[in-house]
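The structure under discussion appears below in the form of structure tokens.
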């Protein structure tokens, strides 16, 4: 089976690199993709969807040239193809209103402030990806090592 | 000055002619001469024909200016008509004055038609009263404004000192981080160079160049490598990233691919040091700008670089500009007479205003264009945004202090917005022109190159 995709979006290459590096422990089970803009992310998702690949998680910065992170996540939230895709907002600069929009319109699952703690970020990713696997009815047995046991347990699968 | 309506009125013109027209009651008062001492006996009513007269009252031993009168204004109204016959102030000629007067003994002219002396002078007295009252309320208002400005200035200077202190502290910390990361990278480089020349080459490339391809290019090359070399995606991606700072031949060497994991680690380590240095440099730049704005001196001199000031303003506003497409075409300009901090303040306020306007209006793909031009005696900077524009009826108001259309009161304490810009540009004898339609708002600032030029 193709690996589930995790897409990281940040316009600052150095920051993007740091996020992806922190997520490296997940690379064994997931495919990490990097995008430097919201539009790039949306067209990548389009491509991946055409190839039949699944997108489990999008981690995005908010303030970027062109479309903002919350805007992009809102669009993803409204697209039924990505209804199980989980979303993390990872930003150092979001106003009160941005945050409200992120929760109400984009349905963001987690909010991380820059600078983030890598262990917490990985734990959040694992838990969200586990929910994604369960929601989309995938076989979770092969990737038990990558999943959040607590979430599996609560769902009654373990 | 005297109410012009009254000056033009027949009643006043008659009084002036009838009572103050006689040459034998005209005299000249030399500049600096005292007409009346405070408390001195006075039985005359003076009319100023030319010059300026100032009245002082001694308050706590200090002379305080209480009125200032020019042509067609009267002196001694109070002591003459108020029957006190004592001057309540010391009256001094500020310039050479040509004066006319009447005395208590001067009889009313044409009493039958115009009434008694006091009746004839009534409009003049009332007018003088009103003029003085207006003057004192204007003075009170001015005092209030000055106080407000002082308070504001005090706030600014506190903020300035705070930010200068903050900038200093941050600068030290960033400096330590930058230097230590440099030491470590030098140390690693030396060891590698000695023991692992192959790995050193990869490390050095990462350190010098960083990752140069963008994410899209990396993805394309990853696919290309995976297909051509028949390798898995992770390996291809690593190769693609490294290929961004090294030539393909050395990256795609058979030995490299075989030992990819081990060499790639060193390339990545180099990139990490590269990124740390980029970040430190960026932070240092911002701190420097804050320091200049917060604790900068405001002395003007020759040799100020306008381009520098624009670049500093841009780096200060980096976070505001992150969502904005920036097109800065800064052509080389001669240096001008001025002060760097003030110039930065001008640009910061205009650019920040543009960013705020575009953000508030949720302008789609907001962009900002800055261009510079050299004129015969001046430099011109044009700053154009694609925001909603400034409605025509507000275009005059936006330069006034305390005028804002911003809903959120939170402002970065760099200034008072466009009123500061106006004041500064004015003080340079420069000009600021606003052109605004929806989707295109341009502020053009012209600053003279030499001190006394401009505004011609």
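The values are calculated or read from the model by the stated rules, or taken from the named source; none is laboratory data. What you see is a predicted model; the values in this text were computed from it and never measured. Reconstructed Cβ throughout: ideal geometry from the backbone, glycine too, with neighbour counts over all protein chains shown.
Selection of segment A:1-11 for residues being over 18 Å from residue A:73 (Cα atoms) and facing chain B (nearest Cβ under 10 Å) yields only A:3.
Results for (1) away from chain A (no Cβ under 12 Å); (2) assigned to a helix (DSSP H, G or I); (3) surrounded by fewer than 15 Cβ atoms within 10 Å (Cβ to Cβ), shown as yes or no for each residue.
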| residue | (1), (2), (3) |
| --- | --- |
| B:205 | yes, yes, no |
| B:213 | no, no, no |
| B:218 | no, yes, no |
| B:222 | no, yes, no |
| B:237 | no, yes, no |
| B:255 | yes, yes, yes |
| B:261 | yes, yes, yes |
| B:272 | no, yes, no |
| B:278 | no, yes, yes |
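Among the residues of segment A:28-48, those identified as within 19 Å of residue A:119 (Cβ to Cβ) and over 14 Å from the mean Cα position of the chain (by Cα) are A:28, A:29. Taking segment B:43-58 on its own, how many of its residues are in a loop (DSSP other than H, G, I, E, B) and modelled with pLDDT of 90 or more? Number satisfying all stated conditions: 2.
Taking segment B:289-389 as the region of interest, the strands (runs of 3 or more DSSP E) fully inside it that hold 2 or more residues being in contact with a strand residue (DSSP E or B) (Cβ under 8 Å, 6 or more places away or on another chain), modelled with pLDDT of 90 or more and more than 14 Å from chain A (Cβ to nearest Cβ) are B:336-338, B:367-374, B:378-385.
Among the numbered conditions (1) over 30 Å from residue B:67 (Cα atoms); (2) outside the structural domain of residue B:266 (by TED's automatic domain parsing), the only one that residue B:174 does not meet is (2). Residue A:96 meets the conditions (1) surrounded by fewer than 21 Cβ atoms within 10 Å (Cβ to Cβ); (2) touching a strand residue (DSSP E or B) at 6+ places or on another chain (Cβ under 7 Å) in every case but one. The failed one is (2).
For segment B:59-91, the tally of residues that are part of a strand (DSSP E or B) and within 15 Å of residue B:124 (Cβ to Cβ) stands at 3. Residues in segment B:120-138 that are at pLDDT below 85 and out of contact with any helix residue (DSSP H, G or I) (no Cβ under 8 Å at 6 or more places or on another chain) were compared, and the one that is farthest from residue B:15 (Cα to Cα) is B:136.
Of all the criteria given as (1) crowded, with 20+ Cβ neighbours inside 10 Å; (2) at pLDDT below 90; (3) within 43 Å of the chain's Cα centre (by Cα), the one not satisfied by residue B:87 is (3). One residue alone among B:271, B:256, B:251 is at pLDDT 85 or above and assigned by TED's automatic domain parsing to the domain that holds residue B:189, and that residue is B:271.
The set of residues in segment A:19-70 being in a strand (DSSP E or B), away from every other protein chain (no Cβ under 12 Å) and surrounded by fewer than 24 Cβ atoms within 10 Å (Cβ to Cβ) consists of A:55 alone. Would you confirm whether or not segment A:115-129 contains a residue that is touching a strand residue (DSSP E or B) at 6+ places or on another chain (Cβ under 9 Å), within 22 Å of residue B:319 (Cα to Cα) and surrounded by fewer than 21 Cβ atoms within 10 Å (Cβ to Cβ)? The answer is yes, given that some residue of segment A:115-129 is touching a strand residue (DSSP E or B) at 6+ places or on another chain (Cβ under 9 Å), within 22 Å of residue B:319 (Cα to Cα) and surrounded by fewer than 21 Cβ atoms within 10 Å (Cβ to Cβ).
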